[in-house]
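Accompanying notes for the structure given below.
The values are calculated or read from the model by the stated rules, or taken from the named source; none is laboratory data. Remember, it's a predicted structure, so these values are computed and weren't measured experimentally. Here the Cβ positions follow ideal geometry from the backbone for every residue, glycine too, while neighbour counts run over all protein chains shown.
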Amino acid sequence: MDAVVSTAKLNSNEIFDLMKQFITEVIGEEFVEEMDITMESSFTKDLEMDSIEIVSFSEKIKAHFGEQIDFTGWLSNMDLDQLINLNLGTIVNYIEECQ
Amino acid sequence: MARFVFIVPPLTGHINPTLSIGAVLLNRGHEVAWISLDKSLVLRLPKGGQLLLIEYDESDQQKQDSEKYLDIITKKIVYGIDSIKFLYEEVLIPLNRHSYEGIVNLLDRFKPDLIITDHQMFAGAIAAVNKNIPYATSVTAPAAIKVMDELPKIHEWEVNRIVALQKELGVERENSIACSDLLTMVLTSEAFFGEMKLPSNYQFVGPVIHKREGQTAFDWEELERRAGQPKVLVSIGTTFDHEHKKNFFAKVIEAFAGEPLTVVIVSDPSLFAEWPQNFIVQRNVPQLELLPYLDAVVCHGGHNTVCETLTNGLPMVVVPIAYDQSHVAGRVVRVGAGLRLNFNRFKSKHLKEAVEEILNNGSFREAAQQIGASFEEAGGTETAADLLVRLSAVRCVEVLNN
């Protein structure tokens with residue numbers, strides 16, 4: 001049996017919803033309502049988030065999952081092109097694999 | 001007396017501080033020249049300053065290239081992290097590569113004792129190293145040298161682009177030489193720059209506020225008539241294209257038309273057939289003279305406007321568009337001197353609420369005044385000139401001793 005973890009394991013739909021909630025907190029509810037956020041949405045081109053907003057978003061993930069996932073470590077390894085093309089699906093998959 | 005040369009990119013915000021520092025050096029009896037691609041710079045140089053124009057025995061191609069770089073940055077709107085890639089790949093690297101040979105030739109001719117190169121004109125640093133002339137660096141956009149702990153690869157990517165160009169031009173080093181080991185002047189205060197330890201060759205000299213020569217007309221009487229109402233300046237600089245400006249100012253109009261405040265807009269008045277009664281719209285304003293009469297500023301986060309605003313102790317709303325502006329906006333928020341909005345997403349009511357907030361909540365103004373005081377303490381133009389003179393003197397002694 002696995003060690004007891006503080007957060008129940010989430011499936012990809014639940015992770016997606018959680019990420020959407022974090023994005024909402026960073027950019028504001030009313031903007032999210034106007035956007036069609038999908039797994040394919042890229043942070044730079046589709047969500048028009050700049051580097052500072054991406055960092056605030058990553059801080060929320062870190063605060064939620066804590067030690068369980070080294071999200072900032074993973075993000076800090078991304079090169080420029082990976083960051084420009086980073087989409088929600090990549091993050092959802094990463095979190096799902098890490099749990 | 002020493003011979004100084006500034007090497008500047010064709011970007012107003014990077015050139016203006018060097019004009020002020022250069023003027024002080026000239027006043028103290030030194031010889032000062034500017035190396036630039038931009039012919040029109042000669043009209044703005046302080047009295048006695050020389051323009052050393054980068055030009056080539058023109059194959060037409062090279063001449064066209066020179067002209068192309070003068071306004072390349074205005075041609076394309078890029079956003080967020082994408083804008084960093086654009087800035088390096090399509091502007092800075094080709095601009096520096098193109099300028100290098102011209103810089104080397106002009107250095108041979110002028111024989112400076114000390115070079116002061118802009119942090120984004122790394123061709124100047126490369127030429128200095130190859131010619132064995134001491135150089136200092138002026139960091140005119142301090143936010144651009146910040147490294148984000150969370151996204152370190154952005155900075156690493158920038159450094160790799162610079163190092164590759166260095167190697168192409170004969171400097172075999174693995175680190176960027178853009179910021180001089182002798183002296184790198186960071187044109188802000190440590191308090192505004194924020195937490196990030198810099199080595200001792202970096203000196204915070206404070207912003208160098210440039211007073212433009214000559215008078216820009218302004219309807220002071222009109223401003224006088226509106227005494228008693230809060231006054232807000234709205235400016236998003238000259239860099240961005242027509243469509244963006246139109247979208248932006250449409251929201252500004254919606255936010256403030258008919259409100260009990262006076263809005264001074266820096267824009268081509270013909271952008272709209274009609275502006276609201278409480279707006280004063282001019283293509284150029286005497287910003288430095290105007291700021292003491294204002295209560296708040298809305299801007300895009302260009303380093304110079306932000307510094308001038310803080311120097312006057314005014315709170316601001318920053319709406320960053322690209323490049324390092326997001327960082328500048330982040331700092332304004334962090335020190336408590338203002339609020340930020342997202343350029344693409346904000347709506348008129350957000351702008352209205354944000355401006356009301358910074359006008360009504362005194363803490364923003366207090367924080368702005370504190371940063372303004374830190375600027376004054378850092379010294380500015382005279383301090384920068386002192387450091388350069390001292391460095392040139394030290395180098396002369398060293399040369400004599402050897």
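Looking at (1) assigned to a helix (DSSP H, G or I); (2) at pLDDT below 95; (3) farther than 19 Å from residue B:91 by Cα, find the lone condition where residue B:25 falls short.
Result: residue B:25 fails condition (2) only.
Residue B:318 versus (1) closer than 24 Å to residue B:245 by Cβ; (2) more than 21 Å from the chain's Cα centre (by Cα); (3) aliphatic (A, V, I, L, M): which is the lone unmet condition?
Of the numbered conditions (1) closer than 24 Å to residue B:245 by Cβ; (2) more than 21 Å from the chain's Cα centre (by Cα); (3) aliphatic (A, V, I, L, M), the odd one out for residue B:318 is (2).
Look through B:273, B:322 and report the one residue that is closer than 28 Å to residue B:19 by Cα and hydrophobic (A, V, I, L, M, F, W, C).
B:322
Can you tell me which residue among A:41, A:58, A:76 is at pLDDT 90 or above and touching a strand residue (DSSP E or B) at 6+ places or on another chain (Cβ under 7 Å)?
Residue meeting the stated conditions: A:41.
How many residues are more than 18 Å from residue B:318 (Cβ to Cβ) and crowded, with 17+ Cβ neighbours inside 10 Å when one looks only at the stretch B:232-252?
Filtering the stretch B:232-252 for residues more than 18 Å from residue B:318 (Cβ to Cβ) gives B:241-243, B:246, B:250.
Okay, now just the ones that are also crowded, with 17+ Cβ neighbours inside 10 Å, so none.
Summing the residues that are more than 18 Å from residue B:318 (Cβ to Cβ) and crowded, with 17+ Cβ neighbours inside 10 Å in the stretch B:232-252 gives 0.
Could you pull out the residue among B:355, B:335 that is more than 14 Å from chain A (Cβ to nearest Cβ), more than 21 Å from the chain's Cα centre (by Cα) and under 30 Å from residue A:45 (Cα atoms)?
Residue meeting the stated conditions: B:355.
Pairs only if they're at least six apart or on different chains, beta carbon under 6 angstrom, first in the stretch B:291-315 and hydroxyl-bearing (Ser, Thr, Tyr), second surrounded by 18 or more Cβ atoms within 10 Å (Cβ to Cβ) and not in a strand (DSSP E or B); list them, first residue then second.
From the stretch B:291-315, the pairs are B:311/B:372; B:311/B:375.
Would you mind telling me which numbered condition in (1) surrounded by 19 or more Cβ atoms within 10 Å (Cβ to Cβ); (2) at pLDDT below 95; (3) assigned to a helix (DSSP H, G or I) residue B:323 fails?
Going through (1) surrounded by 19 or more Cβ atoms within 10 Å (Cβ to Cβ); (2) at pLDDT below 95; (3) assigned to a helix (DSSP H, G or I) one by one, residue B:323 breaks only (3).
Could you please give the count of residues in the stretch B:341-380 that are at pLDDT below 95 and aliphatic (A, V, I, L, M)?
Residues that pass the stated criteria total 1.
Is there a residue in the stretch B:179-190 that is over 20 Å from residue B:116 (Cα atoms), under 22 Å from the mean Cα position of the chain (by Cα) and surrounded by 14 or more Cβ atoms within 10 Å (Cβ to Cβ)?
yes
Specify which of the listed residues (B:95, B:114, B:87) is in contact with a helix residue (DSSP H, G or I) (Cβ under 7 Å, 6 or more places away or on another chain), modelled with pLDDT under 95, in the same structural domain as residue B:18 (by TED's automatic domain parsing) and not polar (S, T, N, Q).
On inspection, the qualifying residue turns out to be B:95.
Tell me the residue from B:11, B:107 that is within 26 Å of residue B:153 (Cβ to Cβ) and either modelled with pLDDT of 90 or more or of a type outside the set (Gly, Ala, Ser) (or both), please.
Numbers: B:107 fails: within 26 Å of residue B:153 (Cβ to Cβ).
B:11 is the lone residue from the list that is within 26 Å of residue B:153 (Cβ to Cβ) and either modelled with pLDDT of 90 or more or of a type outside the set (Gly, Ala, Ser) (or both).
So, residue B:224, is that one surrounded by fewer than 13 Cβ atoms within 10 Å (Cβ to Cβ), closer than 29 Å to residue B:358 by Cα and not hydroxyl-bearing (Ser, Thr, Tyr) or not?
yes
Quick one: in the stretch B:1-43, of everything that is surrounded by fewer than 18 Cβ atoms within 10 Å (Cβ to Cβ) and of a type in the set (D, E, K, R), which residue is nearest to residue B:114 (Cα to Cα)?
B:3
Of these, B:147, B:159, which one is part of a loop (DSSP other than H, G, I, E, B) and either closer than 26 Å to residue B:205 by Cα or touching a residue at least 24 places away in the same chain (Cβ under 8 Å) (or both)?
Working: B:159 fails: part of a loop (DSSP other than H, G, I, E, B).
Selected residue: B:147, the only one of B:147, B:159 that is part of a loop (DSSP other than H, G, I, E, B) and either closer than 26 Å to residue B:205 by Cα or touching a residue at least 24 places away in the same chain (Cβ under 8 Å) (or both).
Quick check on residue B:388: is it closer than 30 Å to residue B:182 by Cα and touching a residue at least 12 places away in the same chain (Cβ under 8 Å)?
When the stated conditions are applied, residue B:388 passes them.
Looking at the stretch B:125-137, which of its residues are closer than 22 Å to residue B:188 by Cα and part of a helix (DSSP H, G or I)?
Scanning the stretch B:125-137 gives a single hit, B:125.
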